[in-house]
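In what follows, a structure is listed as structure tokens, so that the remarks can point back to it.
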Amino acid sequence: MQDFIFSNDFSRNIDAMIYTCGYENCTPGHSYGPVMRKGYLIHYILSGFGIYKARGKIYHLKEGDAFLICPDELIYYEADQNTPWTYTWIGMQGIKIKGYLERTSLLEHIVFHYGQDEPLRLCHEKMFEANKLPKNRDLIMNSIMYEYLYLLTCKFPNNQISINEKKSDYVEEALNYIESCYCDPITIQDIADHLSINRSYLHRLFKAYTGFSIQSYLLDYRIRQACVLLKTTNLSVRIIAHSVSYADPLYFSKLFHQKKGISPSEYRKQTQQNLPI
């Protein structure tokens, strides 16, 4: 199999997505780092040997082993000089990914072993095949990602009951509520009331788990949905503004310009002409 790399450079506040995957047959001593990554990556070793340095430890790895790279952690890995490894990787990002991985033991135990678990191994292969599709590639790749995450929770479950689990549930429920109701003029207080928790507490939880204020995320989500409508429909800016909860199209246009640097009309024009934005 030839080396291949897929990379998807989206804003990191997308809820959950595959942002990179690949396969590499390394040369002796091939190394990567020291570096910090922006998402969560899992490398699975198909053959050979190598080392992984993270969190002040050095791990000596072989066929069947896997290692997790977490965002903003300094890492380094290197192929063996005599029998270099061949590995495949899946990279995930988005504000929901940490919560999904917290359902596993992998955030605490960043080196693990697939063993003979064929469904897990197949997820990597299915990513390769999905990468070849001429269109709607993102849909199938993200569907494989969810299958992969589910299999990880089954094989490497987090059996520790923690208060963090409930906190994560609050954030997940807030995200779901925003996704369901963003088209209505909901406020942060509405979200807190829906969860039956204090607004300030919700703000702290959301910021801690996602890196964003909930107000910022709600605005970003509405603007992203507006971008979809601008690109895929001929609806007027006024109707699109109403569709993402803004009764005043001028106010919507002002917010859109603050986020995207151009007006909604100009954004539509550039996307229709396939110009870079």
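The values are calculated or read from the model by the stated rules, or taken from the named source; none is laboratory data. Given the structure is predicted, the values throughout are model-derived calculations rather than measurements. Quick reminder, even Gly has a Cβ in these numbers, built from the backbone with ideal geometry, and neighbours come from all protein chains shown. Just so you know, the surface numbers come from the protein's heavy atoms only, side chains and all, with ligands and any DNA or RNA stripped out. Shrake-Rupley method; radii C 1.70, N 1.55, O 1.52, S 1.80 Å.
Put a dot 7 Å past the Cα of Lys231, heading toward its Cβ, do the same for Ile140, and the two dots end up 2.0 nm apart. Note on surface exposure: Tyr114, Tyr76 rank Tyr76, Tyr114 by accessible area, highest first, 1.4 Å probe.
Legend: residues His43, His30, sorted from most to least accessible area (1.4 Å probe; ligands, DNA and RNA excluded), read His30, His43. For the set Val228, Val111, solvent exposure ranked by accessible area (probe 1.4 Å, protein chains only) runs largest to smallest as Val228, Val111. Look at the dipole of the chain built from charges on Cβ: of Tyr52, Leu250, Thr104, the Cα furthest out on the positive end belongs to Leu250. Across the options Leu175, Pro134, Ser265, the greatest Cα extent toward the positive end of the charge dipole of the chain (unit charges at beta carbon of Lys, Arg, Asp, Glu) belongs to Ser265. The gain in end-to-end length when the Asn82 to Glu172 segment is fully stretched comes to 27.8 nm, 0.36 nm per residue minus the alpha carbon separation.
The peptide list 194-203, 59-68, put in order of mean Cβ contacts within 10 Å with the highest first, becomes 59-68, 194-203.
Which one is right for this structure if percent of Cα pairs over 36 Å apart is calculated from it: (i) 25; (ii) 21; (iii) 33? Answer by label: (i). In the chain, helices alone account for a calculated mean residue ellipticity at 222 nm of -14000 deg cm²/dmol, with every DSSP H run of four or more residues adding -39,500 (n - 2.57).
The residues of segment 121-207 expose on average 60 square angstrom of accessible surface per residue, using a 1.4 Å probe on protein heavy atoms. For segment 104-139, GluC sites (Glu not before Pro) meeting the loop criterion (DSSP other than H, G, I, E, B) and having at most 11 other Cβ atoms within 10 Å: Glu108. The radius of gyration of the Cα set in segment 133-277, together with its Dmax, comes out at 18.4, 52 angstrom.
For segment 131-180, give the percent of accessible area contributed by carbon and sulfur heavy atoms, probe 1.4 Å, rounded to a whole number. Using a 1.4 Å probe with all protein chains present, segment 131-180 comes out at 50 percent carbon and sulfur.
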